[in-house]
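**Q** One structure is given below, represented as structure tokens, and several questions about it will come after.
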Amino acid sequence: MYYPMSINWFPLWLSLRVAAISTALALAIGLWLAWILANRQFRGKELLDTAVTLPLVLPPTVLGYYLLVFLGRHSPIGQLYEWLFGGPLVFSWQAAVVAALFHSTPLLVKSARAAFESVDRSYERAARNLGASELRLFWRVTLPLARRSILAAAALAFARSLGDFGVTLMIAGNIPGRTQTVALAIYDAVEAGKGNVALVLVLIISALAMLILTVANRLTSSPYGPRQTAL
């Protein structure tokens with residue numbers, strides 16, 4: 001007898017919401033850090049760069065442990081969050097946002113820094129000579145010149161946030177209907193022998209990833225076509 005396949009779509013919608021919020025936060029934090037690293041010389045710059053890059057190389061369990069220590073109910077940050085919002089941060093969907101943020105921000109910072117460093121400095125010098133402030137220079141000159149690379153980096157950060165597993169499991173848990181993202185739902189489906197459910201979710205995530213990568217590739221390719229070499 002055939003039994004219809006029942007899929008809980010909550011993990012997919014939660015993953016999309018977590019990825020959207022974490023990408024927006026990564027843009028706000030990452031662009032500032034990338035601009036500083038690209039345009040300022042100061043003592044401790046290499047240390048800051050290393051700290052920003054560290055989440056890319058740490059095992060997810062190590063990063064998750066650090067976040068549990070710094071954001072847990074007995075930490076100052078965790079206690080402040082609980083006092084402000086009436087509940088703990090860990091094992092909530094907001095913790096899943098934090099997990100995705102720590103995995104996506106380093107990637108965005110690296111890409112945005114490279115984009116800022118590739119901007120032709122002559123445009124910035126001309127704007128300064130015309131009296132533009134640093135803030136106006138950033139919004140009207142630097143950011144528009146680097147926008148395609150930054151949008152591509154944001155797309156990749158969204159994709160990375162969408163697929164986070166280890167850090168999310170450590171600090172948000174795997175609570176169905178509350179903190180279970182699509183990556184965790186796929187794992188549970190495989191463990192429970194629900195191969196059809198896992199396959200559908202895998203195909204959806206794969207299609208989304210391919211779409212995001214296509215957008216990122218289009219943004220990073222030259223709008224004027226391939227560069228011609230002189231004969």
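The values are calculated or read from the model by the stated rules, or taken from the named source; none is laboratory data. Quick caveat, the model's predicted, so the values are computed rather than measured. Cβ sites come from the backbone with ideal geometry, for glycine too, and all protein chains shown count toward neighbours.
**Q** So L89 fits all but one of (1) in a helix (DSSP H, G or I); (2) of a type outside the set (V, I, T); (3) closer than 19 Å to A172 by Cβ; what number is the exception?
**A** In the conditions (1) in a helix (DSSP H, G or I); (2) of a type outside the set (V, I, T); (3) closer than 19 Å to A172 by Cβ, L89 misses (1) alone.
**Q** Say whether the condition of being surrounded by 13 or more Cβ atoms within 10 Å (Cβ to Cβ), part of a loop (DSSP other than H, G, I, E, B), among the small types (G, A, S) and out of contact with any Cys (no Cβ under 8 Å at 6 or more places or on another chain) is met by at least one residue in the range 198-215. Before the answer, list the steps.
**A** Taking the range 198-215 as the starting set, the residues that turn out to be surrounded by 13 or more Cβ atoms within 10 Å (Cβ to Cβ) are 198-202, 204-205, 208-209, 212-213, 215.
Right, trim to part of a loop (DSSP other than H, G, I, E, B) and you get none.
The answer is no, given that none of the residues of the range 198-215 is surrounded by 13 or more Cβ atoms within 10 Å (Cβ to Cβ), part of a loop (DSSP other than H, G, I, E, B), among the small types (G, A, S) and out of contact with any Cys (no Cβ under 8 Å at 6 or more places or on another chain).
**Q** Do we find that A132 is in a helix (DSSP H, G or I) and either touching a Leu at 6+ places or on another chain (Cβ under 7 Å) or among the small types (G, A, S) (or both) in this structure?
**A** For A132, the condition - in a helix (DSSP H, G or I) and either touching a Leu at 6+ places or on another chain (Cβ under 7 Å) or among the small types (G, A, S) (or both) - is not met.
**Q** Can you confirm whether the range 180-196 contains a residue that is modelled with pLDDT under 90, under 25 Å from the mean Cα position of the chain (by Cα) and in a helix (DSSP H, G or I)?
**A** no
**Q** When I7 is evaluated against the numbered criteria (1) surrounded by 12 or more Cβ atoms within 10 Å (Cβ to Cβ); (2) in a helix (DSSP H, G or I), which criterion, by number, is the only one it fails?
**A** Unmet condition: (2).
**Q** Another question, if that's okay. Consider D120 against the criteria (1) buried (at least 16 other Cβ atoms within 10 Å of the Cβ); (2) within 14 Å of A38 (Cβ to Cβ): it satisfies all of them except one. Which criterion is unmet?
**A** (1)
**Q** Is it fair to say A157 is surrounded by 20 or more Cβ atoms within 10 Å (Cβ to Cβ), under 16 Å from the mean Cα position of the chain (by Cα) and either under 30 Å from A115 (Cα atoms) or at pLDDT below 90 (or both)?
**A** On the way: surrounded by 20 or more Cβ atoms within 10 Å (Cβ to Cβ): yes; under 16 Å from the mean Cα position of the chain (by Cα): yes; either under 30 Å from A115 (Cα atoms) or at pLDDT below 90 (or both): yes.
Yes, satisfied.
**Q** Determine, yes or no, whether I150 is in a loop (DSSP other than H, G, I, E, B) and of a type in the set (A, V, I, L, M).
**A** It is false that I150 is in a loop (DSSP other than H, G, I, E, B) and of a type in the set (A, V, I, L, M).
Per-residue answers, yes or no, for (1) at pLDDT 90 or above; (2) under 30 Å from V190 (Cβ atoms); (3) surrounded by 11 or more Cβ atoms within 10 Å (Cβ to Cβ); (4) of a type outside the set (G, A, S):
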site: L16; (1), (2), (3), (4): yes, yes, yes, yes
site: A20; (1), (2), (3), (4): yes, yes, yes, no
site: L58; (1), (2), (3), (4): no, yes, yes, yes
site: V62; (1), (2), (3), (4): yes, yes, yes, yes
site: L67; (1), (2), (3), (4): yes, yes, yes, yes
site: L89; (1), (2), (3), (4): yes, yes, yes, yes
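**Q** Have a look at L143, L80, L137 and point out the one that is more than 21 Å from M210 (Cα to Cα) and loosely packed, with under 13 Cβ neighbours inside 10 Å.
**A** L80
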